[in-house]
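Report on the structure given below.
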């Protein structure tokens, strides 16, 4: 059967049957550039590669780049996460000091590449860093010892402790201590660090301002530098959510006023967002004047 006869039976134009696509020759150079960029940046998707191509002078449509990206087998393999549906917990608003403490661990390393672990304890209301216990290993008994020391220094235990589901915080020893102290123990949902957001945010500042810019020669040097930074954080570093006051200034002002839920005027409580305007540090006389104004 001839070609023309077959096209007639299939109702296809002979010109369409003989048509040869010009795309391979037209896209060859662009496809080569795309593959080279994908080798240099293996975790980039087609949109980021498209931006790099445009920077290099290749004015190609993103849909065309996506087609070549898929044809070249450059697509990234992404594992689909399996989500466990849990009931969302209701978090009460904190209105006073020692109402809720947040605990978590952050890791680092010494100059000898030895593993370093840091326990962070912070007051959610005043944003004070109550402890930064540093060691190569920290178990539940050590965590209890640190908390007992803080309670002795502050004169009162917290009403509630918020932690993740680490073995140090879910052990029978730690749970029994909380029951004995009549402290409510709140474990966040697995895979939801945002539910312990205050201490996670604090860890970001700790890592950026201390851990990443420090070199720890040994364990004792690490403890000294980290404790020095903790003192700076509590006494000198302005906190934006506290009206650019330091945590110790805010705690002293709240205790002196006797109105931790209201703070000074209407804008000191950390329950609501505050305007990001710099506020100078208060002296002792200014604190007394502010307290008299609240009476």
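The values are calculated or read from the model by the stated rules, or taken from the named source; none is laboratory data. Small disclaimer: the values here were computed from a predicted structure and weren't measured. As a convention, Cβ positions derive from the backbone with ideal geometry for all residues, glycine included, and neighbour counts pool all protein chains shown.
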* Asked: Hey, any hits in the range 202-210 for a residue that's in contact (Cβ under 8 Å) with a residue 40 or more places away in the chain, in a helix (DSSP H, G or I), under 23 Å from residue 249 (Cα atoms) and touching a strand residue (DSSP E or B) at 6+ places or on another chain (Cβ under 6 Å)?
  -> yes
* Asked: Quick check, is residue 133 surrounded by 14 or more Cβ atoms within 10 Å (Cβ to Cβ), touching a residue at least 24 places away in the same chain (Cβ under 8 Å) and not assigned by TED's automatic domain parsing to the domain that holds residue 250?
  -> no
* When residues of the range 177-196 are limited to those that are in contact with a strand residue (DSSP E or B) (Cβ under 9 Å, 6 or more places away or on another chain) and part of a helix (DSSP H, G or I), the one surrounded by the fewest Cβ atoms within 10 Å (Cβ to Cβ) -> 179
* Asked: Which pairs do you get when a residue that is without any contact (Cβ under 8 Å) to a residue 40 or more places away in the chain, found in the range 151-170, comes within reach of a residue that is surrounded by 14 or more Cβ atoms within 10 Å (Cβ to Cβ) and part of a strand (DSSP E or B), reach meaning Cβ atoms under 6 angstrom, with the pair 6+ apart or on two chains?
  -> 165/187
* When you go through 210, 173 one by one, which is the residue that is under 20 Å from residue 118 (Cβ atoms) and in contact with a helix residue (DSSP H, G or I) (Cβ under 8 Å, 6 or more places away or on another chain)? -> 210
